[in-house]
Each structure stands twice: as structure tokens, then as C-alpha cells.
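This is the structure I have questions about; it appears just below.
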Amino acid sequence: MYTVERNEIINTIKDMFIDSAYNLNNKLVNKFERAEKLETNKLGKSILRKIIENQVIAKTENIPLCQDTGVAVIFLEIGRQLIFSYDLEKAINTGVRKAYMDGYLRKSIVQHPLNRINTLDNTPAIIHYNYIPGKNLNIHIAPKGGGSENMSRLKMLSPSEGEEGIINFVLETIKLAGGKACPPLIVGVGIGGNFEKVALLAKQAIFRKINDSSKSLIDRNLEEKLLKKINQLDIGPMGLGGLTTALAVKVNSYPCHIASLPVAVNLQCHSARKKEVTLVGKKINNSN
Ligand code: SF4
């Protein structure tokens, strides 16, 4: 059997959150640069330039890209040959705590939705667990901003509403969000599953690589159609008009009940921070 040491997990999580708060992925920056060239709206173009300049300042001066440094969302893929002699969830939350304290990132989590008392260290994180073959631990993290999360939506459609119903719901969601979700967006769309599964599909969709396309032909066609239609809405960068409302649309689907057509839209703002790291499990000495 194999394991990953507690301190390695804590330090990795800490570094990932601090790094993601300061550094936007280069491929995403390339997308902004391309969008700036294509944008015909003067104000939209200048906002895209500001977004590009902002990420350079964040990177060079080690300051957060945005004042909202988000809720810590983590997807773990745990190799089946790994065992942990400590509380994995506690170790992860310790890493998140250190990131937000040592990195001077804004603490945005409250203990209870109604008492609104800040936990003062941005914990607890929202952690999803999956098992994979092997001995590695894959960690995917995203500090998810509140503005774009607040404008995300879910609806249980009737199957007869079909693709048209999905498209209408996604477009309605983007229009309702306007500038509040801080576009240009990455739009995560979940279709199928059930009530809780479809929300997770939409969240997983925004964790996909910025330039990938779905392996499913149906989902890929929907991604292309949606991106075109969203960018015809003239919402534009920060909702002030233009061609660049979304940089990408990602559709993730799952089988569902004959009576259901769940759809969820998870919006990711232009501060699309995420990281992934693989930790290799070390062999446990069983000689004792
Ligand atoms: S939605 Fe994104 S860009 Fe807007 S304030 Fe929140 S984290 Fe920042």
C-alpha cells in the first residue's frame, strides 16, 4: 500500500490556493488576448485590456487578482492503493486555513448562513471525493468567487423541452446574470442525472481545461451552439456590451430518469482561478 504524508498535503493545498489567487493560467490569458483583438465594442475592448493588465500586476506584485478570493472548492481523485493514517479532511482544511492566513487572502466563509459569523480562516472547504486506480492523489482546486456563483441556476425541465429548453434556460441565466457574474464567463452546464448530480456536473464542467471540448458529440455540438448564442447577447465584458460574454462553454452530461431533464448552469467569472497537482504515493514499509 501507499500513502501521502499529512504535511505534504497541507503544504500542497496551501501553495495551490496562494498561487491560484495571484496567477491566472497562461492559456486563459491567451484567450483574453485573442478576445481583445476580436472585440469590436470600444468599452468591451478596454475592459479586456484592464483584465489582462490586472493579471500582470497580480502576478508580478504577488497580490490577489480580485478582492473576492472565494470559497475553497476541491475535487480529490484518490488512488485506490492509498491509505491515510490521519484525517484527510482535517489536513485539507489546515492547508486552506494556512493559505488564507499566510497569503493574506480575504476570508469569505460564515459559520451559518443566517448568523453570518465569519469563520476567520476561510474554512471549511467544499471537498468532493472520487476514487481512481493507482497510488496517486490528484488534487484539483478552485477559489470560487461569490458573484458568479450567486448567478448560477438549476431547473428540472420536462423531457419534451429537449435541447431548445436547455438552450433557453442557459441564455436566460446569462441574461439575468448580466454584469453581476463578472463576464467574460466560462459557462459550466450540467445536463441529466438528478437534482444534486446535475449541480455537480455543472461545477465539474468549469474545472475542465479552457481549450478542451466534450468527447460526446451531442455535448460538443451543444457547447458550440451555446457559445455562439451567448456571445450574440451583447452583454460583453463586465456587462457593458460587446462580443465577449463567454470565453468557453463546457457541457457535462449523465444518464437520467425517463421523466426528467435536469439542467444546471454554474457560472465562472473572468477571475477563473484553478490549479491541479498530482502527489505520488510513497510505499508504506510493512516490515513491522
Ligand atoms: S465574481 Fe469573480 S471577478 Fe467578480 S468579484 Fe467575485 S471573484 Fe471577483
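Looking at (1) surrounded by fewer than 14 Cβ atoms within 10 Å (Cβ to Cβ); (2) at positive phi; (3) within 16 Å of the ligand (Cβ to nearest atom), which is the only condition Gly162 fails?
Of the numbered conditions (1) surrounded by fewer than 14 Cβ atoms within 10 Å (Cβ to Cβ); (2) at positive phi; (3) within 16 Å of the ligand (Cβ to nearest atom), the odd one out for Gly162 is (3).
Please list, ordered by residue number, the strands (runs of 3 or more DSSP E) wholly in segment 37-149 having 1 or more residues that are free of Cβ contacts under 8 Å to residues at least 60 places away in the same chain, away from the ligand (no atom under 16 Å from the Cβ) and open to solvent by 30 Å² or more (accessible area, probe 1.4 Å). Before the answer, list the steps.
Numbers: elements: 71-79, 126-132, 136-144.
Strands (runs of 3 or more DSSP E) meeting the threshold: 126-132.
Further question on the same structure: Within 16 Å of the ligand (Cβ to nearest atom), modelled with pLDDT of 95 or more, among the aliphatic types (A, V, I, L, M) and open to solvent by 70 Å² or more (accessible area, probe 1.4 Å): does that describe Leu176? First the steps, then the outcome.
Working: within 16 Å of the ligand (Cβ to nearest atom): yes; modelled with pLDDT of 95 or more: yes; among the aliphatic types (A, V, I, L, M): yes; open to solvent by 70 Å² or more (accessible area, probe 1.4 Å): yes.
Yes: the conditions hold for Leu176.
Still on this model: Out of all the residues in segment 218-234, is one or more outside any helix (DSSP H, G or I), within 13 Å of Val170 (Cβ to Cβ) and touching a Lys or Arg at 6+ places or on another chain (Cβ under 9 Å)?
yes
Working carefully through the options Leu279, Leu247, find the one that is in the same structural domain as Lys209 (by TED's automatic domain parsing) and either more than 16 Å from the ligand (Cβ to nearest atom) or assigned to a strand (DSSP E or B) (or both).
It is Leu247.
Would it be correct to say that Lys155 is over 21 Å from Pro183 (Cα atoms), among the charged types (D, E, K, R), surrounded by fewer than 20 Cβ atoms within 10 Å (Cβ to Cβ) and in the same structural domain as Gly242 (by TED's automatic domain parsing)?
Numbers: over 21 Å from Pro183 (Cα atoms): yes; among the charged types (D, E, K, R): yes; surrounded by fewer than 20 Cβ atoms within 10 Å (Cβ to Cβ): yes; in the same structural domain as Gly242 (by TED's automatic domain parsing): yes.
Yes: the conditions hold for Lys155.
Let me ask something else. Select from segment 180-192 the residues that are away from the ligand (no atom under 11 Å from the Cβ) and either open to solvent by less than 10 Å² (accessible area, probe 1.4 Å) or outside the structural domain of Val251 (by TED's automatic domain parsing) (or both) and list them in ascending order.
Val187, Gly188, Val189, Gly190, Gly192
The values are calculated or read from the model by the stated rules, or taken from the named source; none is laboratory data. As the structure is a prediction and not an experimental result, all values here were calculated from the model. Reconstructed Cβ throughout: ideal geometry from the backbone, glycine too, with neighbour counts over all protein chains shown. Heavy atoms of the whole protein, side chains included, go into the accessibility calculation; ligands, DNA and RNA do not. Shrake-Rupley method; radii C 1.70, N 1.55, O 1.52, S 1.80 Å.
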